[in-house]
Amino acid sequence: MARSTRWRTVLLGLISLTLAACSSGTPVGGAPAAGATAAGGAAAVATSAAPAANSAAAAAATAAPTVASAAATVAPTVASAAAAAAPTVAAAANTAVAALTNSDVGVTKDTILLGGTIALSGPAAAYGTIARAADAYLHYVNDNGGIYGRQISYKYLDDAYNPAQTVPLTKQQVEQDQVFLMYGGLGTQSQTSVRDYLNSKKVPQVFVATGATTFAAEFEKYPYTFGWQPVYQGESLIYAQYILKNAPNAKIGVIYQNDDYGQDYLDGLTKGLGNKAAEMIVDKESNDVGAPDLSSQILKLKNSGADTFFVFETPSPAIKAIVAAFQAGWQPAIYLNAVSGPVPYLQAAQKAAGDPAAVNGITSVLYLKDSIDPAQANDPGIQLFKQVMAKYYPEGKVDDNFNVYGMGTAYSLVDVLKKAGPNLTRAGVLDALNNLNETDNPFVYPGIPVKNSPTDHYTITQEYLAKYDPTLNNYKSISQPIDVRGLIKFP
Amino acid sequence: MRSPLTRWLPVAALLIALALPFALSGFQTLELAYALIFAIAILGLNILTGFSGQISLGHGAFLAIGAFTTAIGVQRLHLPYLATIPIAALLCGLLGWVIGAGAGRLEGIYLGLATFALGVATPDLLKKQTSLTGGVKGISLPPVTSPIAALSDDQYFYLLCLAIGGGLFVLAANMLGDRTGRAWRAVRDGELAAAAFGVNVGYYKTLAFALSAALAGVAGSLYGLATAFVSTDAFPFQLSIALLVGAVVGGIGSIGGALVGGLLTEFLPIYAQQMLLPINKQLANAAPGAVQGVLLLVVLGLARGGVAGLVGDAYYRLIRANRTTTEGVTDGEINTLAYRPSRPD
């Protein structure tokens with residue numbers, strides 16, 4: 001009895017301490033993860049900027065002819081960024097006075113505070129690495145002089161993919177932490193849940209990590225909200241254009257995830273095929289998120305006589321669908337949406353099916369460079385990616401293409417913050433976002449612009465079609481970039 | 001037995017609760033409102049598990065139904081949002097009665113499994129009714145605005161939750177101290193014995209299920225209003241588990257425990273994660289789930305009465321210690337004499 005009493009007393013103490021910590025209301029550990037970088041900023045410019053420029057130049061020199069054009073566009077950017085860094089720091093002293101008078105919430109003369117929410121735990125925790133990679137790139141930018149001498153601090157919080165957690169966390173960042181803007185928020189429902197709030201507070205909601213068409217389409221109603229990646233409907237329009245041109249007699253069977261994501265894809269395909277849709281789509285089957293087995297849907301699709309198979313799924317069910325089709329002896333032309341398209345997923349499907357024929361010739365679209373493609377190993381963008389990963393996010397996986405995505409959006413963000421000028425304001429950022437026109441994003445394939453205009457917010461609208469070749473463990477492009485800008489209809 | 005603790009603690013808690021929104025920032029007030037909402041849901045679980053001895057692994061389902069009732073009421077039927085709260089309670093209560101009447105025939109693990117199925121299936125079922133629930137796109141609600149100029153929107157909403165929650169807590173406390181509460185406890189401790197004393201076991205079990213579902217419906221309705229956006233992703237199966245863990249850690253079978261459980265459910269995952277983030281990112285990722293698990297193990301192993309039980313124990317020990325020292329009783333005797341079981345009955 002005495003023993004258990006002592007335990008109870010200790011425990012009581014511990015729990016009351018915990019309660020005290022909670023009820024005090026201060027976010028004890030809420031200090032921005034990036035906060036530590038501010039100190040070393042200027043000193044690091046001299047040391048770390050130089051190797052960055054050198055390696056980029058070296059990469060450009062050794063790059064294969066096919067990527068040389070890309071190298072030509074990217075290398076100067078990196079080099080000039082590095083070269084420009086030193087004068088910027090010096091100039092910051094002059095511009096600082098002006099910046100102080102005109103800058104906005106979350107901006108001081110030497111810091112910019114950004115907020116964001118993403119799933120770091122819960123069912124979608126695999127996406128969390130996007131924010132980590134973006135943060136790594138922002139650290140790299142900080143170490144190369146920051147933006148007009150200001151160091152970026154990116155504070156991202158875990159909403160576990162649950163809108164009911166996104167709302168209070170977003171309010172915390174806007175009202176308590178006083179962030180300049182919200183960046184990289186992930187999840188369609190989560191970001192929808194704070195879109196009204198952020199727009200009413202006039203806080204930019206920048207580069208939401210979702211392809212839901214609404215975020216790009218409803219910019220007149222939500223002028224502070226911006227997407228980045230190609231919208232799902234845009235991607236299926238690209239497939240539709242390709243099919244109409246190259247396989248006009250295809251009989252299409254579709255499997256799609258029964259949520260906004262799958263339905264958005266299906267909508268795009270149906271609209272893209274226009275008045276031929278009813279004739280060409282012979283069957284469509286859906287499955288719920290997390291469905292353990294898709295074989296009954298696959299059998300129905302096979303028996304419908306379809307010779308072309310569209311898979312609009314998240315990676316895990318996509319793999320199941322491909323394997324099930326192969327095991328059912330069905331050999332259609334397979335089109336796989338970009339979310340499930342990365343090579344590791346196809347390798348997993350090949351392994352599960354036990355035969356490379358299961359994945360041979362699968363068609364998907366590409367716009368982001370690929371960190372594991374041996375042919376791109378010397379690409380300066382991928383080299384920069386690997387360099388940033390090694391130095392600022394060593395525990396991250398280089399072969400996870402979500403990291404390339406994170407850095408791609410971070411590059412555009414830095415671009416926008418630079419264009420907004422030394423007197424950094426939310427209005428200036430909106431202006432820069434509305435007129436974003438980037439042709440040199442090193443993480444996006446050359447020739448694909450990252451572009452907005454005041455009347456069009458579909459940011460990335462071009463993608464290549466590519467066919468998977470299991471002998472190369474990679475895709476080979478089969479088309480020029482197809483552009484669907486101006487063709488996406490909403491709702 | 002109205003000891004000074006049971007008399008003054010609620011009053012003190014209420015005073016602090018009234019003062020808090022004026023001392024905290026807007027978002028912190030909103031977080032506290034979420035904690036109150038969880039406390040209401042946990043109060044329901046407490047009645048169900050702590051007092052009538054049944055278990056529910058699927059109370060998130062009733063929260064979801066409550067939230068969608070409010071969303072549909074406000075957005076499609078243009079009802080004032082306050083009117084949707086009792087409708088949500090009634091609807092969930094009825095549903096709880098029907099489910100409870102069926103599930104009441106199940107015992108222990110089987111009831112757990114049946115409610116588990118309910119918790120897992122409900123969000124998907126709601127998702128299918130696209131025309132009614134907005135399907136995967138969810139339903140946006142206009143934010144609750146304060147009709148009183150002196151109060152901000154967040155302060156008003158928090159005080160609304162406090163008023164509703166306070167009322168429900170008083171109601172529950174009265175009920176549990178009354179014949180209904182005694183009947184539930186009798187059923188919990190031995191159905192045969194309870195029946196022998198003339199307690200209608202089936203009726204009281206069903207009543208507990210219906211009431212706890214109604215409370216969850218109120219909580220869900222407020223949860224939807226707090227988020228101003230109702231969608232199925234907000235009611236994952238983990239929510240049901242988090243509520244049950246909150247109930248157990250707070251103190252199952254104790255009214256005050258529900259309040260503690262609400263606070264823990266809201267704040268512990270967030271702050272555990274934010275505290276661990278500078279130390280280790282991977283650890284921080286696992287924090288919300290891990291903290292729940294560890295606390296549950298600790299409570300089950302060392303303090304069955306949860307936080308509320310511990311506070312009660314400590315308090316009684318303190319009084320006894322003061323009293324007995326004047327009467328000249330030794331420490332060892334205090335330990336054997338003064339020990340009270342954590343369950344307050």
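In this structure, the residue pairs whose Cα-Cα separation is over 29 Å, taken from A:251/A:451; A:419/B:281; A:302/B:127, are A:251/A:451; A:419/B:281. Look at the alpha carbon pairs under 8 Å that are at least 6 residues apart: their mean separation over the length of the range A:267-361 gives a relative contact order of 24 percent.
In this structure, the amide hydrogen of residue A:482, modeled 1.01 Å from its nitrogen in the peptide plane, lies closer than 5 angstrom to those of A:463, A:464, A:465, counting only residues at least 5 positions away or on a different chain. Between the range A:157-231 and the range A:433-452, the alpha-carbon centres lie 21 Å apart.
Springs between Cα atoms under 10 Å define the GNM used for chain B, and in it the highest mean-square fluctuation of B:63, B:20, B:45 occurs at B:20.
Each of B:131, B:162, B:146 was placed along the dipole of the range B:120-199 (beta-carbon charges, centred on the mean Cα), and the one lying farthest toward the positive end is B:131. Computed over the range B:208-270, the range of Cα coordinates on each principal axis works out to 32, 31, 19 Å, biggest value leading. Equivalent-ellipsoid semi-axes for the range A:395-447 (Cα gyration tensor, √(5λ), whole Å, largest first): 25, 13, 7. Expressed as a fraction of 2.2 N^0.38 Å, the value expected for a compact globular protein of N residues, the C-alpha radius of gyration of the range B:162-275 is 1.24.
Between residue A:444 and A:369, the built amide H atoms are under 5 Å apart, and every one of these is 5 or more places off in sequence or on another chain. Note on the range A:360-434: Cα convex hull, mean projected area over all directions, 7.1 nm². Put a dot 7 Å past the Cα of residue A:277, heading toward its Cβ, do the same for residue B:78, and the two dots end up 3.2 nm apart. For chain B, what's the relative contact order in percent, using C-alpha pairs closer than 8 Å and at least 6 residues apart? Normalised by residue count, the contact order of chain B is 28 percent.
Near residue A:157, the amide H atoms lying under 5 Å from its own belong to A:116, A:117, A:118; only residues 5 or more places off or on other chains count, and H is placed 1.01 Å from N. Across the range A:413-491, how large is the tail of the calculated P(r) beyond 18 Å, expressed as a percent of all Cα pairs? The answer is 54 percent, as a whole percent.
Dipole magnitude for the range A:356-457: about 260 debye, using +1 per Lys or Arg Cβ and -1 per Asp or Glu Cβ, origin at the Cα centre. Calculated mean residue ellipticity at 222 nm for chain B: -25500 deg cm²/dmol, from DSSP H runs with n ≥ 4 weighted as -39500 (n - 2.57), summed, divided by the residue count and rounded to 500.
Note on B:221-232: average number of Cβ atoms from other chains within 10 Å of each residue's Cβ is 4. Listed values for the range B:11-16 are Karplus-derived 3J(HN,Hα) couplings in whole Hz (6.51 cos²θ - 1.76 cosθ + 1.60, θ = phi - 60°), namely 5, 4, 4, 5, 4, 4, and x replaces Gly and Pro. Under a model in which nothing but the beta-carbon of Lys, Arg (+1) and Asp, Glu (-1) is charged, the range B:56-161 shows a dipole of about 320 debye around its Cα centre. Each residue of the range B:224-231 was assigned a 3J(HN,Hα) from its phi angle through the Karplus curve 6.51 cos²θ - 1.76 cosθ + 1.60 (θ = phi - 60°); the sequence is x, 5, 5, 7, 6, 7, 10, 8 Hz, with glycine and proline shown as x. Looking at the range A:378-480, the GluC sites (Glu not before Pro) that sit in a DSSP loop and have at most 15 other Cβ atoms within 10 Å of their own Cβ are A:395. Running Debye on the range B:1-96 with equal point scatterers at the Cα sites and no solvent, what base-10 log of I(q)/I(0) appears at q = 0.20, 0.22, 0.25 Å⁻¹? Values, matching the q order: -1.12, -1.14, -1.18. Look at where the Cα atoms of the range A:282-305 and of the range B:132-203 average out, and the two centres are 43 Å apart.
Taking the charge dipole of the range A:163-308 about its Cα centre, with +1 at Lys and Arg Cβ atoms and -1 at Asp and Glu Cβ atoms, the residue from A:265, A:291, A:192 reaching farthest to the positive side is A:265. Beyond 30 Å in Cα-Cα separation lie the following of the pairs A:320/A:391; A:221/A:276; A:155/A:391; A:467/A:489: A:320/A:391; A:221/A:276. Computed over the alpha-carbon atoms, the range A:434-473 gives an Rg to Rh ratio of 1.16, Rh here being the Kirkwood radius from the mean inverse distance. Which one of B:231, B:220, B:62 is farthest out on the positive end of the charge dipole of chain B, using unit charges on Cβ (Lys, Arg +1; Asp, Glu -1) and the Cα centre as origin? Of the options given, the answer is B:62. The translational diffusion coefficient of the range A:246-390, from Stokes-Einstein at 37 °C and 0.692 mPa s with a Kirkwood hydrodynamic radius over alpha carbon pairs, comes to 203 µm²/s. Kirkwood hydrodynamic radius of chain B, from the reciprocal of the average inverse Cα-Cα distance over all distinct pairs: 21.1 Å. The alpha-carbon atoms of the range A:162-313 define a convex hull whose volume equals 107 cubic angstrom per residue.
Each residue of the range B:210-218 is assigned a 3J(HN,Hα), and the resulting list reads 5, 5, 5, 5, 5, 4, 4, x, 4 Hz, derived from the Karplus form 6.51 cos²θ - 1.76 cosθ + 1.60 (θ = phi - 60°), x at Gly and Pro.
Read the figures in this text as sums done on the coordinates, not as results from a lab. Treat the numbers as computed from the prediction; the structure is a model and nothing was measured. Please note: Cβ atoms are built from the backbone with ideal geometry, for glycine as well, and neighbour counts cover all protein chains shown.
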